[in-house]
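Student: Below: one structure in structure tokens.
The values are calculated or read from the model by the stated rules, or taken from the named source; none is laboratory data. Fair warning: this is a prediction, and the values are worked out from it, not measured in the lab. Cβ atoms come from the backbone with ideal geometry, glycine included; neighbour counts cover every protein chain shown. Each accessible area value is taken on the protein alone, full model and side chains, heavy atoms only, with ligands, DNA and RNA left out. Shrake-Rupley method; radii C 1.70, N 1.55, O 1.52, S 1.80 Å.
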Amino acid sequence: MGRLLQIRVSAWTFSEDEVEKAWPALWKLVWGEGGDAIPKKGVLELARAVFDAVRAGLISDEKAALLREFADQVEDLRIKLEAALADRNPQDADKLSYDLEDCLDSLQDIADKF
């Protein structure tokens, strides 16, 4: 980093519409239909919202029980990804991003059955 120029390694979701298309059952489960109460609905926000919904009792106990294992995994991956970004380690962050998306795919497969 320079004296005035700061270097950042970051990740963001290019299109929230693509997130909804990729994981529609999870989107509906945690954010419902429409509404803009949550200003940003990207991949990392979806991962956190699923974990929060399971852990905070925002969804039924039956659904939470089915999602819990992967919800815990997706939260762990989200935290590790954010740590890799903070440590300026784009290689690890890139690998973790694929792992996180795969975990969201697994959660979507479960939520599709609700």
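Student: What does the charge dipole of the chain about its Cα centre add up to, to the nearest 20 debye, if the Cβ of each Lys and Arg holds +1 and the Cβ of each Asp and Glu holds -1?
Tutor: 480 debye
Student: What is the percent carbon and sulfur in the accessible area of the range 19-114, measuring with a 1.4 Å probe over the protein chains and ignoring ligands?
Tutor: Here carbon and sulfur together make up 50 percent of the probe-accessible area.
Student: Please work out the average accessible area per residue across the chain, using the 1.4 Å probe convention, and give it in Å².
Tutor: 65 Å²
Student: Right, next: Jot down the per residue volume, in cubic angstrom and as a whole number, of the convex hull over the alpha-carbon atoms of the chain.
Tutor: 114 Å³
Student: Which of the peptides 99-107, 16-24 is most tightly packed, and how do the rest follow, going by the mean number of other Cβ atoms within 10 Å of each residue?
Tutor: Top of the packing list down: 99-107, 16-24.
Student: Assuming a ≥ b ≥ c are the square roots of the Cα gyration tensor eigenvalues, decide whether the range 21-85 counts as rounded (a/c under 1.5), prolate (otherwise, with a/b larger than b/c) or oblate.
Tutor: oblate
Student: With 20 Å as the limit, write out which pairs from K28/K80; K28/K113; K40/K63; K21/K95 have Cα-Cα distances beyond it, or answer none.
Tutor: Flagged as over cut-off: K28/K80; K40/K63; K21/K95.
Student: With runs of 4+ DSSP H residues as the only contributors, calculate the mean residue ellipticity of the chain at 222 nm using -39,500 (n - 2.57) per run, divided by the residue total and rounded to the nearest 500.
Tutor: Per the formula, -22000 deg cm²/dmol.
Student: If I model a spin label at A65 and Q6 as a point 7 Å from the Cα along the Cα→Cβ vector, what separation in nanometres do I get?
Tutor: In this crude spin-label approximation the distance works out to 4.7 nm.
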